[in-house]
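Participant: Have a look at this one.
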């Protein structure tokens, strides 16, 4: 997804005024208000610099594979202006670097956990030490967080997958035709359609009464909470301690077939009214990470730990690191935890050769007007999507799709890369990992920004489909169900991976970015202009 508007901050999937988020670190590497505590960037040369830390983490990740590249990253004093090419090189190196699969991911994650800190009182603790202290404290006294359970009121009935789309609800043959249309348009990979069809063909998979999913960022528009409880799942929900968030989620669950367990700041009787639960519910992921670890460690398993938390700028990295600290500690404590992520399509991916071939075909079929537009811009606009093929160790060729958007900034790129590293590392080491590329979506935060809203409005002119939240939400939840239910899914460690990059392209709904004729950044400005004209009209 494209980022929310620059003047606002999103925390745990919620949109807040910047003025009400005093602990936000500005995304330019300068000090904003010093955060009171919790997961923080380290102090570098006397300040908590996001840019210096971001450079150092990327350099650490690539040093063993390419020491010269690592030195170049560290020497760059304009990381904000130059980070796009290093992230492209980082992705290329993961394919062609010649080191064991997942080694860059492991080195990058080690750097994150070595550098980031958890501040408590006046001390900066290593993440592992802070997590261990949380477990010890939880074992030695009354818990800091209690549980409240909210149960749905609807009986469990036979389910069929229904997807809201452009004012209609698609099921059966209509959904099948829509999947065909998305594949033909290059909007999704064929494996995406195959996964959705597998869920349709196995309606018993949608009886989720046996599944527990921890949803970090429970209030997020792109999170799966609503479809999961509709299908009967037990959701363990984590989000900020805000009454409006929890009142909405409680009402949603009460009208579902599922149930929800929430952290509350005091013991409540099972008969507590919903308003009382909403007033006591929630925990800040950034500042109460150790307490959340102690609380989650007691959840009956097995369960899937899903990362749907989002934040603006540097806070997004902090939230991602907090989730990763939870992940490391929980997976060391217990062996019944699987992982789930949503990847953004606006990143750099190695993609299968048939996607490259499709994009090349579309490029050669472009209209005369667009050919002239490329010539008239001196080659800056309407550039072809792919310029090279890379060779995997097994001899297969892949393309390198660069859909990074400069406006998202290096902190967004780092946060999403940490998630990818964790997914690869755990999958290579035998854990079930559901990671699916989700389409760019018209979330509230995007539509509040005139430029981003215009780009979304104009993107269809270049073959990119922007999805509505209700559509993305159900589709991505269906893919999660597929990954958890289908033993042949690539999420399952029993299914062989030829290379970790397959984890990213399997089931991808990129909205057309991978199979488009044009490199995304070469049409972004045109999409904004066309979208503004459309919106004004």
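Participant: Using beta carbons and a limit of 9 Å, which pairs, at least six apart or on different chains, have the first residue in the stretch 26-47 and assigned to a strand (DSSP E or B) and the second one crowded, with 17+ Cβ neighbours inside 10 Å and modelled with pLDDT under 90?
Facilitator: So the pair list comes out as 38/23; 40/25; 47/29.
Participant: Which condition does residue 156 not pass, out of (1) modelled with pLDDT of 95 or more; (2) loosely packed, with under 14 Cβ neighbours inside 10 Å, if it passes all the others?
Facilitator: Of the numbered conditions (1) modelled with pLDDT of 95 or more; (2) loosely packed, with under 14 Cβ neighbours inside 10 Å, the odd one out for residue 156 is (1).
Participant: For residue 431, are the conditions met, namely being at pLDDT below 85, more than 13 Å from the chain's Cα centre (by Cα), within 30 Å of residue 208 (Cα to Cα) and surrounded by fewer than 21 Cβ atoms within 10 Å (Cβ to Cβ)? Working first, answer last.
Facilitator: Working: at pLDDT below 85: no; more than 13 Å from the chain's Cα centre (by Cα): yes; within 30 Å of residue 208 (Cα to Cα): yes; surrounded by fewer than 21 Cβ atoms within 10 Å (Cβ to Cβ): yes.
No; evaluated as a whole, the condition is false for this residue.
Participant: Does the stretch 334-343 contain any residue that is out of contact with any strand residue (DSSP E or B) (no Cβ under 6 Å at 6 or more places or on another chain), assigned to a helix (DSSP H, G or I), under 24 Å from residue 297 (Cα atoms) and at pLDDT 95 or above?
Facilitator: Kept after step one, since they are out of contact with any strand residue (DSSP E or B) (no Cβ under 6 Å at 6 or more places or on another chain), are these residues of the stretch 334-343: 334-336, 342.
Imposing the further condition that a residue be assigned to a helix (DSSP H, G or I) reduces the set to none.
Looking through the stretch 334-343, none of the residues is out of contact with any strand residue (DSSP E or B) (no Cβ under 6 Å at 6 or more places or on another chain), assigned to a helix (DSSP H, G or I), under 24 Å from residue 297 (Cα atoms) and at pLDDT 95 or above.
Participant: Within the bounds of the stretch 455-476, is there any residue that is within 30 Å of residue 103 (Cβ to Cβ) and modelled with pLDDT of 95 or more?
Facilitator: Just the residues of the stretch 455-476 that are within 30 Å of residue 103 (Cβ to Cβ), to begin with: 476.
Filter again for modelled with pLDDT of 95 or more, leaving 476.
Checking the stretch 455-476: at least one residue is within 30 Å of residue 103 (Cβ to Cβ) and modelled with pLDDT of 95 or more.
Participant: All but one of (1) surrounded by fewer than 19 Cβ atoms within 10 Å (Cβ to Cβ); (2) under 21 Å from the mean Cα position of the chain (by Cα) hold for residue 235; which doesn't?
Facilitator: The one condition residue 235 does not meet is (1).
Participant: Out of (1) modelled with pLDDT of 95 or more; (2) over 27 Å from residue 346 (Cβ atoms), what's the single condition that is false for residue 87?
Facilitator: Status for residue 87: all satisfied but (2).
Participant: Something else: Residue check, residue 537 against (1) modelled with pLDDT under 85; (2) under 20 Å from the mean Cα position of the chain (by Cα), all met but one. Which one?
Facilitator: Failing condition for residue 537: (2).
Participant: Another question about this same structure. Could you tell me whether any residue of the stretch 301-322 is surrounded by fewer than 21 Cβ atoms within 10 Å (Cβ to Cβ) and modelled with pLDDT of 95 or more? Before the answer, list the steps.
Facilitator: Just the residues of the stretch 301-322 that are surrounded by fewer than 21 Cβ atoms within 10 Å (Cβ to Cβ), to begin with: 301-303.
Add one more test, that the residue is modelled with pLDDT of 95 or more, and what stays is 302-303.
Looking through the stretch 301-322, at least one residue is surrounded by fewer than 21 Cβ atoms within 10 Å (Cβ to Cβ) and modelled with pLDDT of 95 or more.
Participant: Does the stretch 176-193 hold any residues that are part of a helix (DSSP H, G or I), surrounded by fewer than 24 Cβ atoms within 10 Å (Cβ to Cβ) and in contact (Cβ under 8 Å) with a residue 24 or more places away in the chain, and which are they? First the steps, then the outcome.
Facilitator: If we filter the stretch 176-193 for residues that are part of a helix (DSSP H, G or I), which is where we start, we get 176-185, 190-193.
If we keep only those that are surrounded by fewer than 24 Cβ atoms within 10 Å (Cβ to Cβ) as well, we get 176-185, 190-191, 193.
Answer for the stretch 176-193, where residues must be part of a helix (DSSP H, G or I), surrounded by fewer than 24 Cβ atoms within 10 Å (Cβ to Cβ) and in contact (Cβ under 8 Å) with a residue 24 or more places away in the chain: 176, 182, 185, 191.
Participant: In the stretch 209-219, which residues are buried (at least 24 other Cβ atoms within 10 Å of the Cβ) and either within 22 Å of residue 160 (Cα to Cα) or out of contact with any strand residue (DSSP E or B) (no Cβ under 6 Å at 6 or more places or on another chain) (or both)?
Facilitator: Listed by number, the residues that qualify are 213, 217.
Participant: Another question, then. Could you count how many residues in the stretch 220-232 are assigned to a helix (DSSP H, G or I) and buried (at least 22 other Cβ atoms within 10 Å of the Cβ)? Walk me through how you get there before you give the answer.
Facilitator: Initially, the stretch 220-232 is screened for residues assigned to a helix (DSSP H, G or I), giving 225-230.
Those still in the list that are buried (at least 22 other Cβ atoms within 10 Å of the Cβ) too: 225, 227-230.
So the answer is 5.
Participant: Please find, among 490, 513, the residue that is in contact with a helix residue (DSSP H, G or I) (Cβ under 7 Å, 6 or more places away or on another chain) and free of Cβ contacts under 8 Å to residues at least 60 places away in the same chain.
Facilitator: Values: 513 fails: free of Cβ contacts under 8 Å to residues at least 60 places away in the same chain.
That would be 490, the only listed residue that is in contact with a helix residue (DSSP H, G or I) (Cβ under 7 Å, 6 or more places away or on another chain) and free of Cβ contacts under 8 Å to residues at least 60 places away in the same chain.
The values are calculated or read from the model by the stated rules, or taken from the named source; none is laboratory data. Just so it is clear, the model here is predicted, and its values are computed rather than measured. Don't worry about glycine lacking a Cβ; one is built from the backbone with ideal geometry, like all the others, and counts go over all protein chains shown.
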